Amino acid sequence: MEVKFNHVTLTYPNGIEVLHDMDFDINDGQLVALLGPSGGGKSTTLNLISGLLSATTGNIYFGDKDVTKQDALERGVGMVFQNYALYPHMTVLDNIIFPMKMAKIDKATRKQRALDLAKLVRVDDQIAKKPSDLSGGQQQRVAIARALAKSPNILLLDEPLSNLDARLRVEMREEIRRIQKETGVTTIFVTHDQSEAMHVADKIMVLNDGRIQQYDEPQSLYENPSNQFVANFIGEPALNVISARQLGPGVTQLFDGEVATIGIRAEALTNEVKEPAIKMQAIVHEVLSFGRDHQATISVGENQLIATDVTTTALINQEMTLFAALSGVYAFDKEGQRLPLRGERT
Ligand SMILES: Nc1ncnc2c1ncn2[C@@H]1O[C@H](COP(=O)(O)OP(=O)(O)O)[C@@H](O)[C@H]1O
Ligand SMILES: [Mg+2]
């Protein structure tokens, strides 16, 4: 089911507007991640889609239908939260059956569907257990099966993996992607973890301060961030930031507009001659190696940088020339908006 927000705002009862002019489309059958720091407005946006909150102004559509005034039940959404919220006294199978029982689906049909869903989420060998006898990952699988029980129009997941340890998180994000592709259900997945969003989503909506910063495919967000917030939030290690003054007009004149800061991806920096690139005088202080990964600590004037492809140890603590490949160099104005290369169409 397609989801459309048309100039939606949300003001909480305390009078504070936390979402401003949200305008977007989520295509049918896609897996979209809402990504951003805590307090950015992710859960509020998700609750507007679910119908747990209603928009203060603007309209929400599912397909062609205006659902702005409909509640969660009418909208037919399935939800999964960070805390698994399974019924502790029921078996796994009864947990999955429960929403269908409430909807008065006949006994044989609902049991068969629950068994099919248990198989889909790979807990079919656990159906007689109580939730407390399952691992966190298995409980989240059951929660997903239960959310899918009534064949929802849309599946909503609010930080579903936050309670799991790092290894399980990686396994479960792949599982969520698999389940979403197998069912084809339009899915919206909230996370504050950029790497999780990058791995799981067809498209990512970056939210900060209740505004959409950018809504794009994962690779486009990385390669073509539209502002400093996105450039900084996506990618690991974080973007290096240098003041325009430090690099001088030779660099700033490459861009259209008043450059305040330059951002450089850690992997764009190299000690080998590279074109097209910007050149800078730098001091490499230290190169640490972690298995395949390298991390060089560098200073350019007052600015501290991290580089992953500078591996020279020949010139430690001496001034040398470094290159930053232009594809990993971004210019921002003082509001943090991205400035295009001179002569490049915007
Ligand atoms: N019930 C509420 N009443 C008032 N303000 C709220 C309420 N819930 C959330 N907020 C505020 O709305 C903003 C967005 O919150 P939220 O959507 O929960 O962010 P996220 O899920 O991205 O962490 C925050 O500033 C938060 O403090
Ligand atoms: Mg939240």
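Just to confirm my filter: which helices (runs of 4 or more DSSP H) fall fully inside the stretch 10-128 and include at least 3 residues that are open to solvent by 50 Å² or more (accessible area, probe 1.4 Å) and not polar (S, T, N, Q)?
Working: elements: 42-50, 72-75, 92-102, 107-120.
Of the helices (runs of 4 or more DSSP H) lying wholly inside the stretch 10-128, those with at least 3 residues that are open to solvent by 50 Å² or more (accessible area, probe 1.4 Å) and not polar (S, T, N, Q) span 92-102, 107-120.
Scan the stretch 31-66 for residues that are of a type in the set (Ser, Thr, Tyr) and within 12 Å of ligand 2 (Cβ to nearest atom) and report the count.
Step one: list which residues in the stretch 31-66 are of a type in the set (Ser, Thr, Tyr), which gives 38, 43-45, 50, 54, 56-57, 61.
Add one more test, that the residue is within 12 Å of ligand 2 (Cβ to nearest atom), and what stays is 38, 43-45.
Looking only at that region, the number is 4.
Please find, among ASP256, ASP202, the residue that is open to solvent by 30 Å² or more (accessible area, probe 1.4 Å), outside the structural domain of ASP309 (by TED's automatic domain parsing) and either of a type outside the set (Gly, Ala, Ser) or free of Cβ contacts under 8 Å to residues at least 12 places away in the same chain (or both).
Values: ASP256 fails: outside the structural domain of ASP309 (by TED's automatic domain parsing).
After applying the criteria, what remains is ASP202.
Taking the stated definitions as given, is VAL185 more than 16 Å from ligand 1 (Cβ to nearest atom), in the same structural domain as LEU31 (by TED's automatic domain parsing) and of a type in the set (A, V, I, L, M, F, W, C)?
Numbers: more than 16 Å from ligand 1 (Cβ to nearest atom): yes; in the same structural domain as LEU31 (by TED's automatic domain parsing): yes; of a type in the set (A, V, I, L, M, F, W, C): yes.
So VAL185 passes the test.
May I ask you to list the residues in the stretch 150-192 that are over 24 Å from LEU134 (Cα atoms), open to solvent by 40 Å² or more (accessible area, probe 1.4 Å) and within 16 Å of ligand 2 (Cβ to nearest atom)?
Within the stretch 150-192, HIS192 is the sole residue that qualifies.
How do the pairs read when you match residues in the stretch 222-239 that are under 11 Å from GLN194 (Cα atoms) with residues anywhere that are part of a loop (DSSP other than H, G, I, E, B) and of a type in the set (A, V, I, L, M), using Cβ under 8 Å and keeping only pairs 6 or more apart or on different chains?
TYR222/ILE234; ASN232/ALA238; ASN232/LEU239
Looking at the stretch 155-169, I want the residues that are away from ligand 1 (no atom under 15 Å from the Cβ) and have a partner that is open to solvent by 30 Å² or more (accessible area, probe 1.4 Å) with Cβ atoms under 7 Å, at least 6 apart or on another chain. Which pairs are those?
Here the result reads ASN163/GLN82; ASN163/ASN83, each pair linking the stretch 155-169 to a residue that is open to solvent by 30 Å² or more (accessible area, probe 1.4 Å).
Within the stretch 55-68, does at least one residue satisfy the condition of being within 16 Å of ligand 1 (Cβ to nearest atom), touching an Asp or Glu at 6+ places or on another chain (Cβ under 6 Å), within 27 Å of VAL200 (Cβ to Cβ) and assigned by TED's automatic domain parsing to the domain that holds ILE154?
So far as the stretch 55-68 goes, no, none of its residues is within 16 Å of ligand 1 (Cβ to nearest atom), touching an Asp or Glu at 6+ places or on another chain (Cβ under 6 Å), within 27 Å of VAL200 (Cβ to Cβ) and assigned by TED's automatic domain parsing to the domain that holds ILE154.
Return yes when ALA108 is of a type outside the set (Ser, Thr, Tyr), at pLDDT 95 or above and closer than 18 Å to GLU175 by Cβ and no when it is not. Talk me through it step by step, then tell me what you get.
Working: of a type outside the set (Ser, Thr, Tyr): yes; at pLDDT 95 or above: yes; closer than 18 Å to GLU175 by Cβ: no.
So ALA108 does not fit the description; no.
Looking at the stretch 198-218, which of the residues that are of a type in the set (A, V, I, L, M, F, W, C) and out of contact with any helix residue (DSSP H, G or I) (no Cβ under 7 Å at 6 or more places or on another chain) is farthest from ASN83 (Cα to Cα)?
Of the stretch 198-218, the ones of a type in the set (A, V, I, L, M, F, W, C) are 198, 200-201, 204-207, 212.
Then drop every residue that is not out of contact with any helix residue (DSSP H, G or I) (no Cβ under 7 Å at 6 or more places or on another chain), which leaves 205, 212.
Numbers: MET205: 23, ILE212: 26 Å.
It comes out as ILE212.
The values are calculated or read from the model by the stated rules, or taken from the named source; none is laboratory data. Since the structure is predicted, the reported quantities are computational estimates derived from the model, not experimental observations. Reconstructed Cβ throughout: ideal geometry from the backbone, glycine too, with neighbour counts over all protein chains shown. All accessible areas refer to the heavy atoms of the entire protein, side chains included, with ligands and DNA or RNA removed. Shrake-Rupley method; radii C 1.70, N 1.55, O 1.52, S 1.80 Å.
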